[in-house]
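What follows draws every value from the coordinates through simple rules; no lab data is involved. Quantities reported herein were computed from a predicted structural model and do not represent experimental measurements. So basically every Cβ, Gly included, is an ideal-geometry build from the backbone, and we count neighbours across all protein chains shown.
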Amino acid sequence: MILKTGLEKVDSSILNDTLQRNLFFTVYQSFEFYKLFKTQKNAIPSLFTVWDEERLTGSLIALRFSYKKGYPGFLADRTVIWGGPLLFGALEQQQKTLAILLDALIQECGKKSAIIEFRNMCDLNEFTEIFSKFDFHFSGQMNCIIKVNKKEDVIEKMKPSKFRQIRKGLERGAVITEAENIGQVKEFYEILKVLYSEKVKKPLPDLSFFESFYYWGKQSEMGVLLLVMYEGKVIGGSLCPITKDREIFEWYTGALTKEYKLLYPGVLATWAPIEYALNHYIPLYNLMGIGKPEIAYGVRNFKVQFGGDVVNYGRFRRINNPKLFKLTKAGYRLMGFRE
């Protein structure tokens with residue numbers, strides 16, 4: 001079994017075809033996603049693959065985010081893996097492959113980021129022992145996933161008041177549409193900047209990422225920016241990566257809920273990917289993180305009203321330097337972030 005990093009000696013077409021045959025493949029572990037982040041200023045992607053002769057046995061794409069130089073910025077640096085690793089073969093081979101991938105990941109990112117975190121999109125419990133050997137510890141983290149089949153079935157599972165708000169918002173003049181130009185992307189980004197600064201308290205990529213995503217989504221058909229418009233103005237939206245024919249994700253979402261209260265732009269921004277999935281025959285809509293099971297979370301209360309199934313695939317987190325972990329949390333607070 002041979003480890004390869006980056007695109008060294010890797011046939012990208014073979015890699016793409018093989019990855020997409022994996023039952024748990026998502027856009028976040030695609031070659032196209034890796035290429036998107038190759039162009040970004042504050043994110044450094046790493047691609048690891050393991051091969052048994054010419055056969056792929058595992059793949060992992062990790063993103064190391066670096067927000068600011070110096071103190072406290074470096075303390076907030078972290079490596080995140082969404083929906084990985086992708087493993088192939090019998091269980092024993094998957095276990096061996098995972099060990100190789102984790103070792104390579106730690107060698108590459110362990111000294112460059114405070115935390116490495118797997119944000120699971122499937123059940124990886126059978127690999128908990130291997131993660132533990134590499135000092136990754138599991139914690140609960142829930143997602144909400146809506147099955148998108150017939151519109152009538154989707155509406156039936158929603159809280160009735162939510163669909164009434166959708167209907168009223170549209171009747172009063174709000175419109176759901178795809179972003180058509182960079183100007184609209186910028187309007188949406190300004191909404192997110194205020195939201196993340198005042199409420200979310202987590203790092204937000206700069207505008208260049210959203211501009212890149214807009215062009216990348218159109219070219220690759222693996223992403224879309226859905227907007228809520230009123231009288232020509234962007235009042236909300238959702239940035240959505242797409243696993244073709246499988247799943248659409250709500251990654252970044254925001255709306256001018258106070259300014260346009262009677263139009264329910266926040267509700268429409270969450271409804272927009274459902275409508276898109278119905279129109280494009282995408283069977284699943286993943287609303288992404290809805291918090292830890294033991295902690296009350298307002299976002300969860302909002303999202304579950306759209307009728308999805310709540311799953312707890314959790315996260316595996318490795319603290320790379322335990323002695324600096326307290327400083328890491330302090331660095332986050334000094335930068336105005338929530339841990």
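In Å³ and rounded to a whole number, note down the convex hull volume per residue for the Cα atoms of segment 163-235. Could you put the intermediate results ahead of the total?
Working: hull volume 8.4 nm³, N = 73.
Per residue, the Cα convex hull of segment 163-235 comes to 116 Å³.
For a Förster distance of 41 Å, can you work out the FRET efficiency between the beta-carbons of Ser12 and Arg164, rounded to the nearest 0.05?
On the way: r = 48 Å, r/R0 = 1.17.
Result of the calculation: an efficiency of 0.30.
Could you compute the FRET efficiency for Arg55 and Glu259, with r as their C-beta to C-beta distance and R0 at 45 Å, rounded to 0.05? Present the calculation step by step, with values, prior to reporting the outcome.
On the way: r = 55 Å, r/R0 = 1.23.
Efficiency computed from Cβ-Cβ geometry: 0.20.
Compute the distance in nm between two label points, each set 7 Å from the Cα along the Cα-to-Cβ direction, one at Ala296 and one at Tyr281.
For Ala296 paired with Tyr281, the spin-label model returns 4.5 nm.
When the dipole is taken about the Cα centre of segment 144-311, and only Lys, Arg (+1) and Asp, Glu (-1) are charged at their Cβ, what size is it in debye, to the nearest 20? Mind showing how you got there, number by number?
Numbers: 24 positive and 20 negative charges, 128 e Å.
The dipole of segment 144-311 has a size of about 620 debye.
Under the rule of -39500 (n - 2.57) per DSSP H run of 4 or more residues, summed and divided by the residues of the chain, what mean residue ellipticity at 222 nm is obtained, to the nearest 500 deg cm²/dmol?
Values: 11 runs with 124 residues, N = 339.
So the helix-based figure for the chain works out to -11000 deg cm²/dmol.
How large is log10 I(q)/I(0) at q = 0.14, 0.32, 0.34 Å⁻¹ when the Debye formula is applied to the Cα atoms of segment 124-166, each weighted equally and without solvent?
Log10 of I(q)/I(0), two decimals: -0.57, -1.10, -1.13.
Looking at the square roots a ≥ b ≥ c of the eigenvalues of the Cα gyration tensor of segment 144-311, which shape do they give, rounded for a/c under 1.5, prolate if a/b is larger than b/c, or oblate?
On the way: a/c = 1.22, a/b = 1.17, b/c = 1.04.
Taking the square roots of the gyration eigenvalues as a ≥ b ≥ c, segment 144-311 is rounded.
So which GluC sites (Glu not before Pro) in segment 136-187 end up in coil per DSSP with only 13 or fewer other C-beta atoms within 10 Å? Mind dumping the intermediate values first?
Values: sites: Glu152, Glu156, Glu171, Glu178, Glu180, Glu187; in loops: Glu180.
For GluC sites (Glu not before Pro) across segment 136-187 that sit outside H, G, I, E and B with at most 13 neighbouring Cβ atoms in 10 Å, the list reads Glu180.
Using alpha carbons only, how many degrees (0 to 90, rounded to 10) separate the axis of helix 182-195 from the longest principal axis of the chain?
So the inclination is approximately 80 degrees.
Of the GluC sites (Glu not before Pro) in segment 209-280, which ones lie in a loop per DSSP and count no more than 16 other C-beta atoms within 10 Å?
Working: sites: Glu211, Glu221, Glu231, Glu247, Glu250, Glu259, Glu275; in loops: Glu221, Glu231, Glu250, Glu259.
Qualifying residues, ordered by number: Glu221, Glu231, Glu259.
Take Leu3, Leu204 and order them by how many other Cβ atoms sit within 10 Å, fewest up front.
On the way: Leu3 15, Leu204 18.
In order of increasing Cβ crowding within 10 Å: Leu3, Leu204.
In a GNM of the chain with a 10 Å cut-off on Cα contacts, which of Val304, Val194, Val175 has the highest mean-square fluctuation?
Looking only at Val304, Val194, Val175, the largest GNM fluctuation is found for Val194.
Any idea which of Ile319, Asn22, Asn120 is furthest toward the positive side of the dipole for the chain, if Lys and Arg beta-carbons carry +1 and Asp and Glu beta-carbons -1?
The listed residue farthest towards the positive side: Ile319.
Determine the relative contact order of the chain: mean sequence separation of Cα pairs under 8 Å and six or more apart, normalised by residue count, in whole percent. Display every interim value, and only then the final one.
On the way: 654 pairs, mean separation 73.0, N = 339.
Reported relative contact order: 22 percent.
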